[in-house]
Amino acid sequence: MSPRKPALVAVDGISGAAIAAAARAALGSIDRARRSGVSRWDASGVFEELTVAEDSAGQPSAQTLLMLYAADLAFRLRWEIRPALADGRCVVAAPYVDTAIAFGRAAGLTGAWLSNLFQFAPPPDVRRFANGSVRSRANSGFVEFGCERITGTLNGVTRDQLMDRVAAYLRVRAQR
């Protein structure tokens, strides 16, 4: 894959480590003169701030995490993705919208709510899905981070069950 025009390459998945590896591979497949870089989740630092919040702040809901993800994605689009595309370069977004939508669906949110939330995001020119079997207890990825925080709010659903649900939604999206 070496697009001849500016391109947004989306890399989605459940494992932060697998997404990072797939993003590096995607970037490496683009001609050096055309590549911009990788736009990673939490470029705005909002999720890093959540990790240092006091316990009294409580646990965020899935909706809250997804609204924060949308805000972070808007930041990434404004400061990383659109400028690279405007300069005629290719940029890899890791993860992009499919990961967030799969997380939301796995948490029980409606497709309509999620579509409305992410309607501002342009469709990627290329979609890649990272191997979903690689998992870490670390919160290196959005899904891992989110599953760690909302599991207690989902009526007995474990972190691993929630991650399995996300992986199932991503498998369906990857087949489209």
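Derivation of every value follows stated rules applied to the coordinates shown; laboratory data play no part. What you are looking at is a predicted structure, and each value in this text was computed from that prediction instead of being measured. Neighbour counts run over all protein chains shown; Cβ positions are idealised from the backbone, glycine included.
May I ask for the angle, rounded to the nearest 10°, between helix 159-174 and the longest principal axis of the chain, with both axes built from Cα atoms and the value confined to 0 to 90°? Compared with the principal axis, the helix lies near 30 degrees. The calculated FRET efficiency for the pair R78 and D125, based on their C-beta separation and a Förster distance of 30 Å, comes to about 0.95.
Its Cα gyration tensor gives the chain an equivalent ellipsoid; the semi-axes, largest first and in whole Å, are 27, 17, 15.
Placing a label point 7 Å from the Cα of D164 along the Cα-to-Cβ direction, no residue of segment 44-66 has its backbone N under 12 Å from that point.
Taking a ≥ b ≥ c as the square roots of the eigenvalues of the alpha-carbon gyration tensor, segment 50-89 is classed prolate because a/c is 1.5 or more and a/b outweighs b/c.
Using the average count of surrounding beta-carbon atoms within 10 Å as a protection proxy, the listed peptides 64-70, 41-47 rank, highest first, as 64-70, 41-47. When +1 charges are put on Lys and Arg Cβ atoms and -1 charges on Asp and Glu Cβ atoms, the dipole computed for segment 1-78 relative to its Cα centre reaches about 840 debye. Percent of Cα pairs in segment 18-114 per distance bin of 5 Å, from zero to the largest separation: 2, 12, 19, 19, 19, 14, 8, 4, 2, 0.
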